Structures are given as structure tokens and as C-alpha cells.
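Quick note: the coordinates plus some simple rules give every number you see, no bench work behind them. Note that the coordinates shown come from a computational prediction; the quantities given were computed from them, not determined experimentally. Methodologically, a virtual Cβ is constructed for each residue, glycine included, from the backbone with ideal geometry; neighbour enumeration extends over all protein chains shown.
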Amino acid sequence: METLLLVVGKILFASIFVSSGIGHFKAADYMAGYAQSKRVPAPKFAVLASGALLIIAPVLFLLGIFEALALASLAAFLLVTAFVFHAYWTVQDPGIKQSEQLTFLKELSLAGAVLVILALL
């Protein structure tokens, strides 16, 4: 039963990252514009590279290959994007601020979960 729970949990956990990575490729131009507005260097490349990371790292984790590196990469990605892209404290519009705060907290929460999993390896 523990093995089944672990496999299902890993699949569910990875799904948000893989889905987001696919989204990076599908909306690369739009996301590159947003990244450019946040002064990210080489925004289109950054979007595509982060999309690849968001697909490859969780797949490696699922397969048990380079798990620590995959998880550390995800944690770093989540922390950077939380503070660079979702700095809600800099937003004036209340509706956008609330959405950014929710995304910021989601990314911090996921980073925390990744770090817990990493510690348990």
C-alpha cells in the first residue's frame, strides 16, 4: 500500500510542473513578453529553458534518476519565480495583487514541499 501511495503521490506532485512546462511552450511568446516586462534577460530563451526544466525535472524525479538534482532545480526555480514574477507587495491593483499573492504563496508552498521531499531522500 505504501508503494502505491508513493507512486500516486509522485505522479500527482509532478503533474503541476509538467502541465506548467507544457504551458511554457504553448504560450512562449506571451510568457516571453511577461518575462521581458520583469527584465529577464533573453526572455524567450528563459521561457523555453524553464519550460524544459518543468518537464524534465519532475520526470527524472518520477523515474528515480538524479532525484536530488531534479528536486533542487525545482526548488530553485520556484523560489526565484515567486520573488521575481509574483512580488505581490509591489502591485497596486487589489485584484491583481490578490492573484499575485496567491501565486506567490503557492510557489513558496511547493518549494517547501520539494525541500521536504529532498530531505527525505
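Peptides 4-11, 45-52, ordered by how many other C-beta atoms sit within 10 Å of their residues on average, highest first, read 45-52, 4-11.
Tell me the relative contact order for the chain as a rounded percent, counting alpha carbon contacts under 8 Å between residues six or more apart. Over the chain, the number comes to 22 percent. Highest-first packing order for the peptide set 25-31, 110-116, 70-76 is 70-76, 110-116, 25-31, based on the mean count of other beta carbon atoms within 10 Å. The length gained on full extension between GLU2 and LEU102, counted as 0.36 nm times the residue separation minus their Cα-Cα distance, comes to 32.8 nm.
Sorting PHE83, PHE17 by the number of Cβ atoms found within 10 Å of their own Cβ, with the fewest placed first, yields PHE83, PHE17. Span-like helix criteria (full DSSP H runs; alpha carbon extent of at least 24 Å along the helix axis; mean Kyte-Doolittle hydropathy of at least 0.5) are satisfied in the chain by 2-26, 43-63, 67-85, 94-120.
Note on the chain: Cα convex hull, mean projected area over all directions, 8.0 nm². Note on VAL80 and ALA52: their simple-model spin labels are 1.3 nm apart, each label 7 Å out from Cα toward Cβ. For the chain, modelled as a GNM whose springs connect Cα atoms under 10 angstrom apart, the maximal fluctuation among ALA68, ALA87, ALA57 occurs at ALA87.
Stretched out straight at 0.36 nm per residue, the stretch from PHE25 to ALA68 would grow longer than its current Cα-Cα span by 13.0 nm.
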